Amino acid sequence: MELQFFKDFDFTDFWNESSYSVRDYIEPFPDDELIASVEEELGYKLPASYIELMRLQNGGLVDKSCFPTSEENSWADDHIAITGIMGIGREKTYSICGELGSQFMIEEWGYPAIGIYICDCPSAGHDMVLLDYSKCGKDGEPEVVHIDQEADYKKIFLAKDFETFIKGLKSEEEFDGE
């Protein structure tokens, strides 16, 4: 597969290959039929950069788990942390259509229904990362935002698109001691 979005990105030390990741996150590679059915179920067109990444590894825990913010949040003063990236599928607990996927967070936790929740965070459901379609419509290129349930579902802008978000993830050590 020729990469369009991540051809110059070094995935060394990006994914965490633990048994937990394999058991609860990593789905088989998505085919066009699965992608179409997931898009239909969720009501949004998945970004091409997200699909490309999921065709390299379809979900999983990440070691580069922090993204800088200019706003304080329930995790830290200067960044958010994610646990993993949800894959395209329905089989794993933490896939976008899985047991604890995007619809679960909307229906059971009351998260705003303005997009697709794609990353869980270490807070065990009290904050999430969202592909936010509120400005672009269901077929547009969504921004990536952090939603903080502990702060009345406050939205913090993270990145203009999914590719920028992934390329901006940093290791936790880069924020230690600040």
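Readers should treat all values here as calculations from the given coordinates under stated rules, not as data from a laboratory. Keep in mind the model is a prediction, meaning the values are calculated, not measured. We place every Cβ from the backbone using ideal geometry, glycine too, and count neighbours over all the protein chains shown.
A few remarks follow.
- Descending semi-axes in whole angstrom, ellipsoid equivalent of region 12-90, from the Cα gyration tensor: 25, 17, 11
- Geometric descriptor of region 19-171, per residue, is 98 Å³ (volume of the convex hull of the Cα atoms).
- Per-residue Cβ neighbour rank within 10 angstrom, fewest leading, 163, 173, 150: 173, 150, 163
- Candidates 161, 31, 63: whichever shows maximal mean-square fluctuation once the chain is modelled as a Gaussian network with Cα springs under 10 Å: 31
- Dipole-positive endmost among 118, 129, 42 within the chain (Cβ charges, Cα centre): 42
- Taken about its Cα centre, the chain carries a charge dipole of roughly 360 debye when the Cβ of each Lys and Arg holds +1 and the Cβ of each Asp and Glu holds -1.
- Ranked by the mean number of other Cβ atoms within 10 Å per residue, highest first, peptides 95-104, 130-139, 69-78 order as 95-104, 130-139, 69-78.
- Only lysine pairs 8 or more places apart, or on different chains, with alpha-carbon atoms under 15 angstrom apart are counted in the chain, and they number 7.
- Cβ-based exposure ranking for 93, 12, in which fewest neighbours within 10 Å come first: 12, 93
- Region 59-104 versus region 3-52: alpha-carbon centroid distance in Å: 13
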